[in-house]
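Student: Sharing a structure, written as structure tokens. Questions coming.
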Amino acid sequence: MIFSPIEIASLSILVLFLLPALAVLLGQNQRVLVVVCSFLTGTASLLSVIAGIWTVGSRITGKIVLLIGLPDLPFHLRLDPLAGFFLTVIGLLSFFVSIYSAGYLRGFIGHRPVTRLVVFYALFIAGMFMVVLADDALFFLVSWEVMAAASYFLVMFEDEKRENRKAALLYIVIAHVGAIAILLSFGVMAGIASGFGSFNGYTFDAMRQAKFPVEWATVAFMLSFFGFAAKAGVVPLHVWLPEAHPVAPSNVSALMSGVMLKTAIYGIVRVTFDLIKVFPWWWGAIVLVLGLVSAVMGVLYALMQHDLKRLLAYHSVENIGIILIGIGLSMIFTSFHLPVLAALALIAALYHTLNHAMFKGLLFMGAGAVLHATKERNMEEMGGLIHLMPWTAALFLVGCISISALPPFNGFVSEWLIFQAFLLSPSLPAPLIRLLIPLGAALLALTGALAAACFVKAFGVTFLGHWRGHDRPLVHEADWSMRSGMLMAAITCLGLGILPTMVIGWMDVIPEQLLGSKISTSAGAAGWMWLTPIAPQRASYSGLVVLLGFIVIFAAAYFILHVKAGRIQRGPIWDCGFEKINARMQYNATSFSMPIRRIFGYLFNIKEHFGPAPQQAHPAFPRKLHYFLRVRDRLWYWIYKPVIKSSYWFSRGIGNLQRGRIQTYLIYSFITIIVLLVFVR
Amino acid sequence: MKPGPFFIEIVQVAALLGLAPLFIGWVRMLKCWTQGRSSAGILQPYRDLAKLFSKNIILAENASWIFRFTPYLVFGTAILAGGIIPILSFDLPLAPTADVIVLVGLFAIARFFTALAGMDIGTAFGGMGASREMTIASLAEPAMLMSIFTVSLANKSTSLGQIVQVIYSGQSVLRPSIIFALLAFILITLTETGRIPVDNPATHLELTMIHEAMVLEYSGRHLALIEWAAMMKLFLFVMLGIACFAPWGIAGTIDFVAVLTAFIFMVLKLAFIGIGLIFIETGLSKMRLFRLTEFLGAAFLMATLGMLSFYILE
């Protein structure tokens, strides 16, 4: 063997780090720069995918110690199946998005230099790869910061807009609050691991060996969960996500939503199942409850949006919630020593991680193609794009079906597995948790159904009907590189939907190593076509047969009905005989979600006003009506506003100390000396 | 003589295709009688379908492929579901394809595309129907799944064949959880199949319609497929309910006698259920759209009660 997987992964990171130098050299010729850099990031991502698939498939664990970093504290890299799985997820989407970028970035040429975008894009991907490879706290945090800082600059790319600067600031603040919590958590674990005596506890290996007292373990878990939740956008730490994701360039949004959030999931899994290992059940309950809240709130917020990318960003909150539901269930099952069920729930969570990366990446790429073509993010202005952008529409539709958890696409498989995990909860001995779990299943069902409603809205308003805006810009279809990036993601979505047994067989080594149990012997018990977790009698699903069934019935019905081919006439729209129909009479994003807004309105801060528009000839004969609607996040007022206000108040109070007069400062010194003399004798 | 494994699938799908319009005809006939009208006869749905199939299609000028694809997809999901739900026998070769959750997913994808087709033409009615349908579905689906989960928890499986088998083998005690689940299931069936008090299948009054609003622009064989699929959906929900709550009569083995007995049982059950449905439909009036949250909330509450009573009492 010439290379081991970890060497391939390191090589890919090296390529990504050398790319900025190349970018500076090529900066003069932007066209070449875009092509070369997209090619190189794509190649590097592909290398990581190979390394990841290889690692998980042949169950290798590779280690490297790099003698860089602080003196006497070298960097440790380790590629085990869990890291390999996340490496595959990140690499796969980065590969698709890099192909897509070649076309997407061309849209910027002539408007602004893209060198900065290309450089930070490469560093961003490199940061994500490093996070999953890190095997000590120091290297993990360095990588985490590389990732956060690079993504900050990517969000700031179009920095002439005030909205972007505000979003980037909010993002970097919350990212750092989270990073501090993670740092403290590693500090606690490293301290326990080395007995607070030396620095050697900072490697993950030392933490794995250590036995944590339960109170310290709780502190470490809570801190790290807080930190990772801030990165993942778990409610109530989600506020940065719908601000930062939409304003970044769409290829970056795809990566941020699709895979950057997953590094936080990786962190949670790594810390909980690999480093701490033994934990009480209520940790799992906390994760489960937060996951449920995020899932439901995320999708409800998404329904209220009319900005296409913002809507997708809120759906990331929802899907992170679904992943956390799986992880929470797995933790609960683990703490009650039910390893097979824990393995099922963990597989469901990881499968959803992979699925979400694919379909969310696909959807953001589609939204980027729409933005690229129409220069518009507001769905209220769109419509009828399916005729102008048939490829983008069809591929976006695949993403919509996948995220709405409809068979035979991939989103359904993972939600189905989570439902199966929920239905196994009667095996749990604790009564309290047994009451919580049915409600959880119901909320997950509600989430799935609301997501379907939301994507009927997103697809229907954007691509169907007529153009809703006043004058339609010259819309063009996405070019071949954007199309092929989306096409590959769409094919992956379908493949993951119809071949789940193979994927689960591949990734089954992860729960086997973390939890000591696997499900593939049961998951593939009835053959590769039938997904049968636990037992074939218990439940089974075959996406392939569903797909084939659709195709066969569709073909049969089509051919039988077209023997006597009735002519299809095209005519004007009927609409119950109404003649004066125009494009403004269509349902738009706001009106589509009106019933849901009314039913769940109490969860939001809604201001709605309807009446004749001001400044008209005569108020008795209104010619124009004015409709005002503002939906806001209640949590912003409940949590963030008070925090912001009190920190302003506090800093202003501190500021009062600095008056800029020498006399005042002398008094401070005098008081300090007196105090010291009194107390420090 | 032992018929092949796919014999039963063909019989089931044929029964579904053939009997679904008859069941609708039966329901309509009863409804006419209870309301003191003379009916068009039990065979009228067949005549409607035949008429629609023979007509040409007039397609709106801006209809996209989604609009033309949807009728086939909706029809296809109904037939696929007919091959999976144990209508006559629970020993189906296609049964492992899908358990109850997947069936709910199959109905959901049909609904997803119907709603998209409603929005495709760009009329106010289509969008209105799509918006209402998806809102109601998003409230109904959790209740539906909760009801089904209660059944599957009680029978330790989500696969329908297995549920039927467990009910057969087990002592059929009257469980409180199952009663609650059944009540919820009835309310959800009324919702999902667009019956009174949720939607009125007979009306074309713009302000009240939901399902009809989405398919207003369809004509010819497209409309025929959609109408037929709607009939099959009612039939399938009834069959799903029978399999989950009262499966007695469904054949376990595949031989002609057993299947014939199962067929007779099924027709009798359908006749009774039709009568029950008519009592509900004539006894209630259609609800205002925003009253439906209470209706569906009640369904959800009952399903949750069923599940809680399962956890507490059993």
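The values are calculated or read from the model by the stated rules, or taken from the named source; none is laboratory data. Since the model is a prediction, treat every value here as computed from it, not as a measurement. Heads up, the Cβs are rebuilt from the backbone with ideal geometry, glycines too, and the neighbour counts pull from every protein chain shown.
Student: Please specify each residue of the stretch B:261-289 satisfying the condition of being over 21 Å from B:LYS31 (Cβ atoms) and outside any helix (DSSP H, G or I).
Tutor: Scanning the stretch B:261-289 gives a single hit, B:ARG288.
Student: Which condition does B:GLN165 not pass, out of (1) within 11 Å of chain A (Cβ to nearest Cβ); (2) touching a helix residue (DSSP H, G or I) at 6+ places or on another chain (Cβ under 8 Å), if it passes all the others?
Tutor: Of the numbered conditions (1) within 11 Å of chain A (Cβ to nearest Cβ); (2) touching a helix residue (DSSP H, G or I) at 6+ places or on another chain (Cβ under 8 Å), the odd one out for B:GLN165 is (2).
Student: Counting residues that are over 22 Å from the mean Cα position of the chain (by Cα), which helices (runs of 4 or more DSSP H) fully inside the stretch B:162-260 reach at least 2?
Tutor: On the way: elements: B:176-192, B:211-214, B:220-245.
Answer list for the stretch B:162-260: B:176-192.
Student: Which of the numbered conditions does B:LEU284 fail, given that it passes all the others? Conditions: (1) surrounded by fewer than 17 Cβ atoms within 10 Å (Cβ to Cβ); (2) in contact with a helix residue (DSSP H, G or I) (Cβ under 7 Å, 6 or more places away or on another chain).
Tutor: Checking B:LEU284 against (1) surrounded by fewer than 17 Cβ atoms within 10 Å (Cβ to Cβ); (2) in contact with a helix residue (DSSP H, G or I) (Cβ under 7 Å, 6 or more places away or on another chain), the one that fails is (2).
Okay, residues lined up against (1) within 12 Å of chain A (Cβ to nearest Cβ); (2) surrounded by 14 or more Cβ atoms within 10 Å (Cβ to Cβ); (3) farther than 23 Å from B:ALA154 by Cβ:
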{"position": "B:GLU212", "(1), (2), (3)": "yes, yes, yes"}
{"position": "B:GLU227", "(1), (2), (3)": "no, yes, yes"}
{"position": "B:LEU236", "(1), (2), (3)": "no, yes, no"}
{"position": "B:ALA258", "(1), (2), (3)": "no, yes, yes"}
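Student: Looking only at the stretch B:38-57, decide whether some residue is more than 14 Å from chain A (Cβ to nearest Cβ), closer than 30 Å to A:GLY543 by Cβ and surrounded by fewer than 19 Cβ atoms within 10 Å (Cβ to Cβ).
Tutor: No: zero hits.
Student: Just for the stretch A:574-606: of the residues that are basic (Lys, Arg) and in contact (Cβ under 8 Å) with a residue 60 or more places away in the chain, which one is nearest to A:LEU446 (Cα to Cα)? Steps first, answer last, please.
Tutor: Initially, the stretch A:574-606 is screened for residues basic (Lys, Arg), giving A:580, A:584, A:597-598.
Next cut, in contact (Cβ under 8 Å) with a residue 60 or more places away in the chain only: A:584, A:597.
On the way: A:ARG584: 31, A:ARG597: 15 Å.
Only one residue tops the list, namely A:ARG597.
Student: Next up: Taking the stretch A:261-283 as the search range and keeping residues that are outside any loop (DSSP other than H, G, I, E, B) and charged (D, E, K, R), which one is surrounded by the fewest Cβ atoms within 10 Å (Cβ to Cβ)?
Tutor: The residue in question is A:ASP274.
Student: Here's another thing I want to ask about it. If we scan the stretch A:511-531, do we find a residue that is facing chain B (nearest Cβ under 10 Å), in a loop (DSSP other than H, G, I, E, B), exposed (fewer than 14 other Cβ atoms within 10 Å of the Cβ) and not hydrophobic (A, V, I, L, M, F, W, C)?
Tutor: Within the stretch A:511-531, one or more residues are facing chain B (nearest Cβ under 10 Å), in a loop (DSSP other than H, G, I, E, B), exposed (fewer than 14 other Cβ atoms within 10 Å of the Cβ) and not hydrophobic (A, V, I, L, M, F, W, C).
Student: Can you spot a residue in the stretch A:592-606 that is in contact with a Pro (Cβ under 9 Å, 6 or more places away or on another chain) and surrounded by 14 or more Cβ atoms within 10 Å (Cβ to Cβ)?
Tutor: Within the stretch A:592-606, not a single residue is in contact with a Pro (Cβ under 9 Å, 6 or more places away or on another chain) and surrounded by 14 or more Cβ atoms within 10 Å (Cβ to Cβ).
Student: A further question on this structure: Which residue pairs have Cβ atoms closer than 6 Å, lie 6 or more positions apart in sequence or on different chains, and pair a first residue in the stretch B:88-103 that is over 15 Å from A:LEU544 (Cβ atoms) and facing another protein chain (nearest Cβ under 8 Å) with a second residue that is aromatic (Phe, Trp, Tyr) and part of a helix (DSSP H, G or I)?
Tutor: Qualifying pairs under 6 Å: B:ILE101/A:TRP416; B:ILE101/A:PHE419.
Matching residues to (1) modelled with pLDDT of 90 or more; (2) touching a Gly at 6+ places or on another chain (Cβ under 9 Å); (3) within 14 Å of chain A (Cβ to nearest Cβ):
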site: B:LEU270; (1), (2), (3): yes, no, no
site: B:PHE279; (1), (2), (3): yes, no, no
site: B:GLY297; (1), (2), (3): yes, no, yes
site: B:PHE310; (1), (2), (3): no, no, yes
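Student: Just checking, how many residues over the stretch A:284-340 are surrounded by fewer than 24 Cβ atoms within 10 Å (Cβ to Cβ) and assigned to a loop (DSSP other than H, G, I, E, B)?
Tutor: Summing the residues that are surrounded by fewer than 24 Cβ atoms within 10 Å (Cβ to Cβ) and assigned to a loop (DSSP other than H, G, I, E, B) in the stretch A:284-340 gives 4.
Student: With respect to the numbered conditions (1) over 30 Å from A:ASN582 (Cβ atoms); (2) at the interface with chain B (Cβ under 8 Å from one of its Cβ atoms), which one is the sole condition not fulfilled by A:VAL398?
Tutor: Condition (2) is where A:VAL398 drops out.
Student: One residue is enough: does the stretch A:152-169 have a residue meeting the conditions within 20 Å of A:ALA232 (Cα to Cα), free of Cβ contacts under 8 Å to residues at least 12 places away in the same chain and assigned to a helix (DSSP H, G or I)?
Tutor: Yes, the stretch A:152-169 contains at least one residue that is within 20 Å of A:ALA232 (Cα to Cα), free of Cβ contacts under 8 Å to residues at least 12 places away in the same chain and assigned to a helix (DSSP H, G or I).
Student: Anything in the stretch B:23-56 that is closer than 30 Å to A:HIS562 by Cβ, among the polar types (S, T, N, Q) and assigned to a loop (DSSP other than H, G, I, E, B)? List them, or say none.
Tutor: Across the stretch B:23-56, the qualifying residue is only B:ASN56.
Student: A:ILE64 fails exactly one of the following numbered conditions: (1) under 28 Å from the mean Cα position of the chain (by Cα); (2) surrounded by fewer than 21 Cβ atoms within 10 Å (Cβ to Cβ). What is the number of that condition?
Tutor: (1)
Student: Just for strands (runs of 3 or more DSSP E) wholly inside the stretch A:553-634: which have at least 1 residues that are within 14 Å of chain B (Cβ to nearest Cβ)?
Tutor: Numbers: elements: A:568-571, A:605-612, A:625-632.
Of the strands (runs of 3 or more DSSP E) lying wholly inside the stretch A:553-634, those with at least 1 residues that are within 14 Å of chain B (Cβ to nearest Cβ) span A:568-571.
Student: Name the one entry in A:GLY571, A:GLY543 that is over 19 Å from B:LEU49 (Cβ atoms) and in contact (Cβ under 8 Å) with a residue 60 or more places away in the chain.
Tutor: Criteria check complete, one pass: A:GLY543.
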